[in-house]
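Structure first, then comments.
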Amino acid sequence: MELAHAGTSRRTIGPLNSPKLICLLGAESTGKTTLARQLAAHFECPWVPEHLRAFCDERGRTPTREEQSEVLETQHRQVLAAREVARQNSAPFVFCDTAPLLTAIYSDFVFGDPSLYAHARALHASYGLTLFMAPDIDWVADGLQRDGAHVRAPVSQLIASELAAMALPYVTIAGQGEQRFKSALQALN
């Protein structure tokens, strides 16, 4: 399992035994990884990379419909492991570069398979805040897991609908460059 860390010193913000899970959720090429790394470095906290990227790199292909559940569960296990590391280090946050909910959304979008939604929604309730990444930055090709700029709008609409239906806290992160980072910091304060 790959677990990304940014820094080794500790900051104490909030309860020592309860690092807050912060999910960065958005369609492809919306800056999730960049912002997760920036926030982890700023707060000296762990971050959890997107498992789909590792899956595609290791297998040289995207997951099949039958493998979507494996991707979802692995992402969740990595979040739990990162939360434990954060607890041990008294880190205030764990920044998650996507979540099982996005796997469920893509499973439905790509394969017409809505079967992962119930479990993904239940898991998403553990996030203290979701940063919903607007598709307002340039699309960039990035390996096998990219479908193309044309899927960002419909996937973003599905994400927005899910977040609204679940009535969980989220903040939309939009804009260019440093503006996204500053908006995320404001949301976390």
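Nothing in this text is a laboratory measurement; each read-out follows from the coordinates by a stated rule. Predicted, not measured: the structure shown is a model, and the values here were computed from it. Backbone-built Cβ (ideal geometry, glycine too); neighbour counts: all protein chains shown.
For the range 55-100, trypsin sites (Lys or Arg not before Pro) are listed when DSSP marks them as loop and at most 15 other Cβ atoms sit within 10 Å of their Cβ; the list is 61. Here volume of the Cα convex hull per residue in Å³ was computed from the coordinates, and among [x] 108; [y] 118; [z] 238 the match is [x]. Note on residue 87 and residue 57: the model spin-label points, each 7 Å out from Cα along the C-beta direction, lie 2.8 nm apart.
Normalising the average separation of contacting C-alpha pairs (under 8 angstrom, six or more residues apart) by the number of residues puts the relative contact order of the range 65-189 at 23 percent. In this structure, residue 160 and residue 67 have a Cβ-Cβ separation that, at R0 = 35 Å, corresponds to a calculated FRET efficiency of about 0.85.
Taken about its Cα centre, the chain carries a charge dipole of about 640 debye when Lys and Arg each add +1 at the Cβ and Asp and Glu each add -1 at the Cβ.
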